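Heads up, the thing below is written out as structure tokens.
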Amino acid sequence: MSALSQSTQVQTNLTIPPGHLLSSSAWQGTQLVTLISKETKVLYSDGLGVVDFHPSADAAIIFVSEADLLSGGSFKRRIVKFRQANTSLRGIVVAQKTPHTQEPFSDLQKFVCMELDLAIVPVKTISEAAQLLAQMVRCEAKVNINPFCMKPKTVNSADAGILATATAVPGLGEKRARQLLEHFGSLHKIANATQENLASVVGNSTASSVYDFFHGIHL
């Protein structure tokens, strides 16, 4: 299930108490929010637009379920609308990657990373998605900054969503993923880099895997 688009595509200037998740009212009573509410407090709003959840005032989550991926629904339009809103919100797409959604997830991953320059985090189950969102809220409350934001050229503050996407590349571990993120600054630039430029950072073999992954070769 995905939150319905509202007249306002993206809500900004939000005030969210530390330790709370702001959820679209469309998710109230669902399994996902029921599980999240066991870990953290949940508030609801009818005016979040294309966004499903806010773990903090400056981070936005769009959730794409297994059913969304299989039905080929309107979730891509929601993601595009978020990107076009041109807000300062840090957008993360959380999507269910299951044995049934391998191909549509791969297509979505390339679309989100290469065309929109957003982070995407794969989760296997609704329970795993709930744990991820609760973790985001807890981190925000503890350190008073959102650790899921990557500042270009700063490895230690690497966005967890961006790093998770990069490490999803076969053969690319966390160390080399961080090297690429530090060198190129964003997934968008990694996805559009030449194989030669990638090789200058991580070597020929890994560069080939990264290039093939983002360009749909041997998938």
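The values are calculated or read from the model by the stated rules, or taken from the named source; none is laboratory data. What you see is a predicted model; the values in this text were computed from it and never measured. All Cβ positions, even for glycine, are placed from backbone atoms using ideal geometry, and neighbour counts span all protein chains on display.
The table that follows gives values for the structure above.
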{"read-out": "Matching residues, the range 62-81, being β-branched (V, I, T) and not in a helix (DSSP H, G or I)", "value": "I62, V64"}
{"read-out": "Failed condition for A177, given (1) of a type in the set (A, V, I, L, M, F, W, C); (2) modelled with pLDDT of 80 or more; (3) assigned to a loop (DSSP other than H, G, I, E, B)", "value": "(3)"}
{"read-out": "Every residue from the range 186-208 that is assigned to a loop (DSSP other than H, G, I, E, B) and at pLDDT 85 or above", "value": "A193, T194, G203"}
{"read-out": "Qualifying positions in the range 121-132 - modelled with pLDDT under 90, assigned to a helix (DSSP H, G or I) and touching a strand residue (DSSP E or B) at 6+ places or on another chain (Cβ under 8 Å)", "value": "L132"}
{"read-out": "Qualifying residue in the range 157-165 (condition: surrounded by fewer than 21 Cβ atoms within 10 Å (Cβ to Cβ), within 22 Å of S23 (Cβ to Cβ), modelled with pLDDT under 80 and not assigned by TED's automatic domain parsing to the domain that holds G185)", "value": "no"}
{"read-out": "In the range 29-80, the residues that are touching an Asp or Glu at 6+ places or on another chain (Cβ under 7 Å) and not polar (S, T, N, Q)", "value": "P55, I61, I62, F63, F75"}
{"read-out": "The range 14-33 - residue that is among the polar types (S, T, N, Q) and under 21 Å from the mean Cα position of the chain (by Cα) and, of those, nearest to A134 (Cα to Cα)", "value": "S23"}
{"read-out": "Which listed residue is in the same structural domain as L132 (by TED's automatic domain parsing) and either modelled with pLDDT of 90 or more or closer than 22 Å to K97 by Cα (or both), from D58, D52, D46", "value": "D52"}
{"read-out": "Residue check for K41: touching a His at 6+ places or on another chain (Cβ under 6 Å), without any contact (Cβ under 8 Å) to a residue 60 or more places away in the chain, surrounded by fewer than 17 Cβ atoms within 10 Å (Cβ to Cβ) and not aliphatic (A, V, I, L, M)", "value": "yes"}
{"read-out": "Condition met for T98 (over 19 Å from W27 (Cβ atoms) and at pLDDT below 85)", "value": "no"}
{"read-out": "Where a residue in the range 11-38 is in a strand (DSSP E or B) and its partner, wherever it lies, is of a type in the set (D, E, K, R), with Cβ under 6 Å and at least six apart", "value": "H20/K41; S24/D52"}
